[in-house]
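J.: Can you read through this structure? Questions will come right after.
The values are calculated or read from the model by the stated rules, or taken from the named source; none is laboratory data. Everything numeric here is computed off the predicted structure, so don't read it as measured data. Glycine also receives a Cβ, built like all others from the backbone with ideal geometry; neighbour counts cover every protein chain displayed.
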Ligand code: PAF
């Protein structure tokens, strides 16, 4: 695996691969890699060669008072895992290489970036789309891989790719959970043992909602009420928001239909976690009964 620190070297490597007709797969990360990231890399390896992974803790996507300084950094452990997986390029630039003093641009996907996570974290998605567009331009991937745990991020990046006619296909991979159901996140490392146990309420409450939907519940308000009550039963959990939205527009729904997402964000002590569940309602079609497919 080549460890690449400069933009010029990464561009040269990707242009050479592209000119040779190779299909570049790309997994952008902020490091502190866990199984969720590794699942993206495995997906990339199945479809592409070469595979590039970036590690860059992007200051522009952290708000004032957020966890930029304390965000976990584990370069050596990450490097070893990437080597084991057979990654071809590890692109790990430093901040001045990406944002030199004269840097002035920003990329914003309007509408989708201001709601839910965008409302809780003003400027966050602008920071994400700015860095992802820069990385796409440097790495020139044919396919780029994102986790569904950050469902709004994945939707916004898809929109950016479509709006800006980028030659890159966005692949969204399933959420990976710990054995007790907690969705994997680099931020889980911040949780105390008690908060870590409490945080499983997110998955338990989503799983309970799945049961209700499978039994035929379609109205969103009662589903959300039950969910809020479940979170309120956990003293260490402080719900930020829970909503059922259309998976394309991210607008709230009154009744489940087509592709919907149940979005949730909650705090456990100082740590803010997000999770979601994808619900696909396939309408009744002739003899076929209505079907629902739910992915936690
Ligand atoms: O999902 C992340 O880890 C980050 O938002 C990303 C896509 C690497 C951009 O910094």
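J.: Can residue 256 be described as over 29 Å from residue 71 (Cα atoms), modelled with pLDDT of 95 or more and in contact with a strand residue (DSSP E or B) (Cβ under 8 Å, 6 or more places away or on another chain)?
T.: So residue 256 passes the test.
J.: Would a scan of the stretch 130-143 turn up a residue that is in a loop (DSSP other than H, G, I, E, B), at pLDDT 95 or above, touching a strand residue (DSSP E or B) at 6+ places or on another chain (Cβ under 6 Å) and over 26 Å from residue 277 (Cβ atoms)?
T.: yes
J.: Take residue 46 and tell me if it is closer than 26 Å to residue 174 by Cβ and either out of contact with any helix residue (DSSP H, G or I) (no Cβ under 6 Å at 6 or more places or on another chain) or surrounded by fewer than 14 Cβ atoms within 10 Å (Cβ to Cβ) (or both).
T.: Considered against the rule, which asks whether it is closer than 26 Å to residue 174 by Cβ and either out of contact with any helix residue (DSSP H, G or I) (no Cβ under 6 Å at 6 or more places or on another chain) or surrounded by fewer than 14 Cβ atoms within 10 Å (Cβ to Cβ) (or both), residue 46 comes out as yes.
J.: Another question, if that's okay. Among the residues of the stretch 61-82, which ones are in contact (Cβ under 8 Å) with a residue 12 or more places away in the chain and closer than 22 Å to residue 10 by Cα?
T.: Listed by number, the residues that qualify are 73, 74, 75, 77, 78, 79, 81, 82.
J.: Something else: Can you tell me which residues in the stretch 23-37 are more than 13 Å from the ligand (Cβ to nearest atom) and either in contact with a strand residue (DSSP E or B) (Cβ under 6 Å, 6 or more places away or on another chain) or within 19 Å of residue 71 (Cβ to Cβ) (or both)?
T.: Within the stretch 23-37, 25, 35 qualify.
J.: Test residue 170 against the stated conditions and say whether it is without any contact (Cβ under 8 Å) to a residue 60 or more places away in the chain, outside any helix (DSSP H, G or I) and within 13 Å of the ligand (Cβ to nearest atom).
T.: yes
J.: Filter the stretch 44-60 down to residues that are in contact (Cβ under 8 Å) with a residue 40 or more places away in the chain and within 15 Å of the ligand (Cβ to nearest atom), then give me how many there are.
T.: Matching residues across the stretch 44-60 total 7.
J.: Let me ask something else. Can you tell me which residue in the stretch 125-147 is nearest to the ligand (Cβ to nearest atom), limited to those that are under 26 Å from residue 295 (Cβ atoms) and surrounded by fewer than 20 Cβ atoms within 10 Å (Cβ to Cβ)?
T.: 143
J.: Okay, next question. Quick one: count up the residues across the stretch 61-116 that are more than 13 Å from the ligand (Cβ to nearest atom), assigned to a loop (DSSP other than H, G, I, E, B) and touching a strand residue (DSSP E or B) at 6+ places or on another chain (Cβ under 8 Å).
T.: Of the residues in that region, 4 qualify.
J.: For the stretch 182-202, state whether one or more residues are within 11 Å of the ligand (Cβ to nearest atom), under 21 Å from residue 270 (Cβ atoms), surrounded by fewer than 19 Cβ atoms within 10 Å (Cβ to Cβ) and in contact (Cβ under 8 Å) with a residue 60 or more places away in the chain.
T.: yes
To keep it simple, each residue is scored yes or no on (1) free of Cβ contacts under 8 Å to residues at least 12 places away in the same chain; (2) more than 16 Å from the ligand (Cβ to nearest atom); (3) surrounded by fewer than 19 Cβ atoms within 10 Å (Cβ to Cβ); (4) at positive phi.
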position: 149; (1), (2), (3), (4): no, no, no, no
position: 176; (1), (2), (3), (4): no, no, yes, no
position: 204; (1), (2), (3), (4): no, yes, yes, no
position: 215; (1), (2), (3), (4): yes, yes, yes, no
